[in-house]
Every structure is written in C-alpha cells, then in structure tokens.
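A short write-up of the structure that comes next.
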Amino acid sequence: ANGAAYIYYDNSKKFETTSSGVNVTGALTVNGAAVGGGGATPVVITANRTAVADDFVFVNASNITVTLPASPSAGDLVKVQNIGTNYTSIIRNGSKIMGANEDLYNDVADGCITLTYVNSTRGWQISC
C-alpha cells in the first residue's frame, strides 16, 4: 500500500510519514545525541535581557545589556544582532569569552555576533 505510516507509544502518535517526509512528536535522539529543533529562537528586545541557550537577540534600542546564560553547557549558542546603529554590552555572567575574563561590546551597525559555549577554559567562542 502507498500511504502514511504511524508509530505510537502509550497511545500517542510519535512518528508519522508524510508525502514530504516525516513528523516526529517529542525529542529526537540519534546514536545517543539529541537532534535540535531548528536553530536559534529570534526575539526583538528594547530592554536588557538575560539570554537563554539558542536565543537570537535582535537589539532594537541603544545601550542595551545582554547577559549570557549563567550555567551554559557545551554547544549552547547565543546570537546578538544590532538593528541599525544600536550598540550592545554582552555580559559574560561568570564564564569567559574567548578565554578571557572580560565582557564584550558590539558597536557595529547591524553587527551580528554568534557566541558558542565550548568549555570552562575557553568559555564562549565568537564564530562566524
């Protein structure tokens, strides 16, 4: 037969084939590693914010502070983008940035910084 197939767990549909691919309800793990749900979550701010893992923060006001997560895990990602000529202070919140015990300042018009947490020695790394 040609059509959809379903897999249930405790009477709840968890896996479904469709004409365009598959749908998974719940967490997806491959060889013991969790597979993400599609990347960073965008949020536009006009006031200070403490970021969470997978934030994509668009800064729509000047002199805003974005504080990085206090207890990051390896692979956590935070993106911060200025809208126009706004500027942002990025506070490390106890973890290093590029191996240094220093905060970061982004004053580049429309500048975007991606920070990925690596470990306690290197801390947050700036990437492209």
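The values are calculated or read from the model by the stated rules, or taken from the named source; none is laboratory data. Keep in mind it's a predicted model, so treat the numbers as computed, not measured. Because the Cβ atoms are built from the backbone with ideal geometry, glycine has one as well, and the counts that use them run over all protein chains shown. With ligands, DNA and RNA removed, areas are computed over all heavy atoms of the protein, side chains included. Shrake-Rupley method; radii C 1.70, N 1.55, O 1.52, S 1.80 Å.
Figures for the structure shown
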| quantity | calculated |
| --- | --- |
| For the stretch 115-122, 3J(HN,Hα) per residue [Karplus equation, 6.51 cos²θ - 1.76 cosθ + 1.60, θ = phi - 60°, Hz, x = Gly/Pro] | 10, 10, 7, 9, 6, 5, 6, 8 |
| Entry for Cα extents along the principal axes in Å (calculated from the structure that is shown) out of [x] 90, 43, 21; [y] 60, 33, 25; [z] 52, 35, 28 | [y] |
| Net dipole in debye of the chain [+1 Lys, Arg Cβ; -1 Asp, Glu Cβ; about Cα centre; nearest 20] | 160 debye |
| Phi to ³J(HN,Hα) by Karplus 6.51 cos²θ - 1.76 cosθ + 1.60 over the stretch 72-87, Hz, x for Gly, Pro | x, 10, 3, x, 4, 10, 9, 10, 10, 10, 6, 9, x, 8, 5, 9 |
| Sites Tyr105 and Val24, calculated FRET efficiency, Cβ-Cβ separation with R0 41 Å, nearest 0.05 | 0.50 |
| Estimated FRET transfer efficiency when R0 is 35 angstrom, pair Tyr8-Thr41 (beta carbons, to 0.05) | 0.75 |
| Heavy-atom accessible area per residue - the chain, 1.4 Å, Å² | 62 Å² |
| Most to least packed among 87-97, 107-117, 41-51 [average Cβ atoms within 10 Å] | 87-97, 107-117, 41-51 |
| Whole-percent carbon and sulfur share, accessible surface of the chain, 1.4 Å | 49 percent |
| Using θ = phi - 60° and Karplus 6.51 cos²θ - 1.76 cosθ + 1.60, couplings along the stretch 42-47 (whole Hz; Gly, Pro as x) | x, 8, 9, 10, 10, 9 |
